[in-house]
1. Considering Cα pairs under 8 angstrom that are at least six residues apart, work out the relative contact order of segment 439-481 and quote it in whole percent.
2. Under the 0.36 nm per residue contour assumption, what length would be gained going from the current alpha-carbon distance of residue 114 and residue 314 to full extension?
3. Take 196, 274, 159 and order them by how many other Cβ atoms sit within 10 Å, fewest up front.
4. Report, in whole Å, the centroid distance computed from the Cα atoms of segment 179-204 and segment 346-414.
5. Would you mind telling me the antiparallel percentage of the DSSP bridges in segment 307-372, rounded to 5?
6. Residues of segment 265-292 with amide nitrogen under 18 Å from the 7 Å Cα-to-Cβ point of residue 307?
7. Please give, to one decimal in nm, the separation of the simple spin-label points placed at residue 454 and residue 362, each 7 Å out from Cα toward the Cβ.
8. So, R0 is 25 Å and r is the distance between the beta-carbons of residue 487 and residue 265; what FRET efficiency does that work out to, to 0.05?
């Protein structure tokens with residue numbers, strides 16, 4: 001209808017038709033080319049067809065401009081050819097549009113790179129308008145709404161994806177996560193069970209089912225599912241960590257004894273001895289451990305009392321708080337304290353930032369930062385200690401790797417580092433002698449093994465090459481053993 005109205009509105013009058021005819025038969029104007037009137041009419045028809053399409057493509061203003069030009073038809077042929085070319089170009093450009101896959105790619109970039117969730121949702125909805133049953137986009141939208149705490153909208157898209165494809169494992173995982181993070185454990189369990197009927201070997205769904213049982217304090221059921229998961233994949237690090245947590249929940253008490261022997265080739269004539277006994281208990285706030293240490297160094301003996309706690313803050317964060325006291329300064333620091341904030345990060349990362357405090361006759365503050373990454377049955381980590389003192393800063397670094405076996409308490413480990421750690425009771429005495437500012441390099445290995453279910457034996461060995469006087473170095477060999485029992 002719009003095309004016909006435009007054709008009537010811009011059609012040549014009888015007077016203009018006569019003028020066109022005269023120009024068409026004038027050899028000085030038309031030459032041997034086809035009559036101008038015929039070209040104009042063909043050009044008009046071209047406009048009308050284009051215009052009919054451009055109305056739907058929202059490029060109507062371009063067509064109007066062209067028709068206004070055509071209203072004054074007495075322009076030369078070259079101008080009309082240029083206008084026709086521009087019309088064709090506008091038509092082709094208007095028809096070009098992004099596919100749903102291209103829009104989905106743009107949505108992911110907006111969400112993960114630009115952190116612009118509103119733009120991501122806009123692109124995703126445009127993609128769904130093209131492909132209404134695109135499940136991956138529906139799940140993506142559901143996750144974005146979950147991150148934005150728009151839970152009803154998130155549920156809408158997860159349910160839509162599962163209604164279209166009940167066997168969509170990713171939709172079940174995302175929907176179960178939503179309910180778990182909102183403490184709806186029974187609803188999350190229901191979603192996991194429905195998904196597992198179609199995917200009985202899904203590690204992701206089994207892990208979420210076990211986590212829901214654990215959060216609901218159904219530790220026995222959580223243990224059964226975790227064991228089932230570890231039979232499928234004994235290297236699943238998340239399952240290993242959960243198994244350790246469940247063991248702590250099932251056996252809330254732990255006693256440990258340990259001994260460490262240090263010998264020197266040059267620095268000291270007598271070896272150092274360090275022994276400890278501890279008792280720990282799991283509480284609803286986290287674990288807490290009391291420890292008594294005994295040491296003999298420089299031919300002098302001393303004792304130290306310590307208490308460590310790991311309060312839980314949320315599902316993502318927990319902390320470390322520690323305090324120690326000794327009346328035998330020189331064998332131990334008089335006071336020692338520590339605080340750290342830990343975070344369980346996405347993609348199996350973990351991180352820590354904290355402060356350590358030592359007081360002998362003067363105080364020393366040490367800042368520490370740590371990052372770890374779980375990969376299959378391995379944990380790779382790096383840590384630094386930074387000690388400001390007297391206008392200068394001393395630093396120590398270490399990297400470590402662990403390979404886990406059947407549980408989080410069964411592993412072998414290797415560590416390489418430089419400098420002294422304030423968390424090492426065997427070495428932190430050197431912050432009093434200022435030897436922590438001298439260079440040192442160390443390597444150590446450890447072995448942990450569970451036996452008779454509730455018992456753990458630990459063995460360690462380490463070698464330190466240390467500068468105990470400027471330009472004078474010596475070696476220190478450390479050997480350690482520990483035994484723990486849960487009940």
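1. The normalised contact order for segment 439-481 reaches 36 percent.
2. 69.3 nm
3. 159, 196, 274
4. Cα centroid to Cα centroid, the span is 35 Å.
5. Of all bridge pairs located within segment 307-372, approximately 95 percent are antiparallel.
6. 277-292
7. Here the modelled spin labels are 5.0 nm apart.
8. Once the sixth-power term is evaluated, E becomes 0.05.
Every number in this text was worked out from the coordinates using simple rules, so none of it is lab data. Predicted model, so just to flag it, every value in this text is computed and none were measured. Ideal geometry is used to build each Cβ from the backbone, glycine not excepted, and the neighbour counts take in all protein chains shown.
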